[in-house]
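Right, one structure below, let's go through it.
The values are calculated or read from the model by the stated rules, or taken from the named source; none is laboratory data. All values reported here derive from a predicted model rather than from experimental measurement. Positions of Cβ are backbone-derived with ideal geometry, glycine not excepted, and every protein chain shown enters the neighbour counts.
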Amino acid sequence: MKNETLSTLTNGILKENPVLRLVLGTCPTLAITTSATNAIGMGVAATLVLICSNVVISALRKVISDQVRIPAYITIIAGFVTIVQMVVKALSPALDAALGIYLPLIVVNCIILGRAEMFASKNGVVLSALDGLGMGIGFTLALLLMGCIRELLGAGTLFGFPITAGLIEPMTIMLLPPGGFFVFGILVALAGLTGKRKKQGSNTSGCASCPAGELCGKSEGGTE
Amino acid sequence: MQMVITILISGILTDNFVLAKFLGICPFLGVSKKLDTAVGMSVAVTFVMVLATLVTYPLYKYVLLPKSLDYLQTILFILVIAGLVQLVEVVLKRFIPPLHRALGIYLPLITTNCAVLGVTLLHFTNANVSTFPLALLNALAGGLGFLLAMVIFAGVRGRLETCDIPKALQGLPITLIAAALTSLSFLGFAGLADGLFG
């Protein structure tokens, strides 16, 4: 039991990292990782929504009937996103301005709906909370990695402090959209190289919940 | 007229939803493998974008804002979009079966497409969009931009199929790097909308 609890928590951080392994939630990953600070802000906001929605959906999993589950999940998630939006606006207007539209767009982040469908609707409240926490940490770490690389190469700073000033000329392209796609592509390739390549199952599991399942490119084999 | 041209150019080229704003990346990477599915998906997205704006824009301007309920924006918009997509599917199936056959499979995917929710939210932060018709035009431009990016990228991916790609980069990584180059080409349009009218 103890083991299961622990593996639920660590699952999302490495083995099924939502961004680098399951390739979910790509929009915020690419859009807001222009600085490490933004990456952490986005990661924490999404983690809060993920834990709360996982807990509530897990608690209500016997009440919500199968046919209306997706609209019900979306409503629950949207409720928590609204709360997080108001909290961020009150605590840090600067972060709110930096994340802009991507904060309300957490609603349609497929990591959250995916975990609701794949995990919270089948498991108990405590495990679901842990799963949300683990996935959230995995998401935040991946965003932070992207954010650090892009900020360091693109602006020569880290969390706003100058690091490579005078050593390397900052490459502004890394902060622009092409840099986002490029860094993400390289990271996914690296994650595919370092991880166990034989395990196909974990690649598809994240997408089974997505309505785009059969059409979407994941059927062609994610990171492989 | 100037407004109309500015909105069209910025929506389709300079502020392209996919390549500049990173919205709708999932279908962009997932459905762009073949040209016909790419076009089908884009047309469905454009259709829902305009339709969603048609409902959410007045709702926000005339119901939420006067009653200072604008914090309910996110939750209301996603419910409207989800409901609308269902409705469109039923209506198309009942009355225009050929169109339903063409777009039907793409419709359920659109609820969780962030480009649609994104476009309805972005109308209120875009300084060019001041009236309801302009918001509709903005949604149309966003959809057309999505279509353009999808069609171009489907072509790029078609070429990738025949290339000899290093093993580590096969699949998603090379797709992302190709997207980076496509997006780089769109950077060439930067400043076009503002520079056009001085």
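Key figures
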| item | result |
| --- | --- |
| Long-range neighbours under 6 Å by Cβ, at least six apart or interchain, first residue within 13 Å of chain B (Cβ to nearest Cβ) within segment A:157-186, second β-branched (Val, Ile, Thr) and surrounded by fewer than 20 Cβ atoms within 10 Å (Cβ to Cβ) | A:179/A:173; A:183/A:149 |
| Residues within segment B:93-111 that are without any contact (Cβ under 8 Å) to a residue 60 or more places away in the chain and surrounded by 20 or more Cβ atoms within 10 Å (Cβ to Cβ), tallied | 1 |
| Per-region count, segment B:68-86, residues out of contact with any helix residue (DSSP H, G or I) (no Cβ under 8 Å at 6 or more places or on another chain) and exposed (fewer than 13 other Cβ atoms within 10 Å of the Cβ) | 1 |
| Filter pass, residue A:128 being under 30 Å from residue A:66 (Cβ atoms), assigned to a helix (DSSP H, G or I), modelled with pLDDT under 50 and polar (S, T, N, Q) | no |
| Segment B:154-176: number of residues that are within 11 Å of chain A (Cβ to nearest Cβ), surrounded by 17 or more Cβ atoms within 10 Å (Cβ to Cβ) and of a type in the set (A, V, I, L, M, F, W, C) | 4 |
| All helices (runs of 4 or more DSSP H) inside segment A:35-103 with 2 or more residues being under 20 Å from residue B:114 (Cα atoms) and in contact with a Cys (Cβ under 9 Å, 6 or more places away or on another chain) | A:69-91 |
| Filter pass, residue B:179 being crowded, with 22+ Cβ neighbours inside 10 Å, within 14 Å of chain A (Cβ to nearest Cβ), of a type in the set (Gly, Ala, Ser) and within 23 Å of residue A:190 (Cα to Cα) | yes |
| Hey, residue B:120 over 24 Å from residue A:23 (Cβ atoms), in contact (Cβ under 8 Å) with a residue 12 or more places away in the chain, within 11 Å of chain A (Cβ to nearest Cβ) and within 13 Å of the chain's Cα centre (by Cα) or not | yes |
| Filter result for the condition that a residue is touching a Lys or Arg at 6+ places or on another chain (Cβ under 7 Å) and surrounded by 19 or more Cβ atoms within 10 Å (Cβ to Cβ), over A:82, A:47, A:33 | A:33 |
| For residue B:47: the one exception among (1) in contact (Cβ under 8 Å) with a residue 24 or more places away in the chain; (2) within 14 Å of another protein chain (Cβ to nearest Cβ) | (2) |
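Conditions tested, residue by residue: (1) of a type in the set (D, E, K, R); (2) within 21 Å of residue A:16 (Cβ to Cβ).
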residue	(1), (2)
A:99	no, no
A:102	no, no
A:106	no, yes
A:109	no, yes
A:117	yes, yes
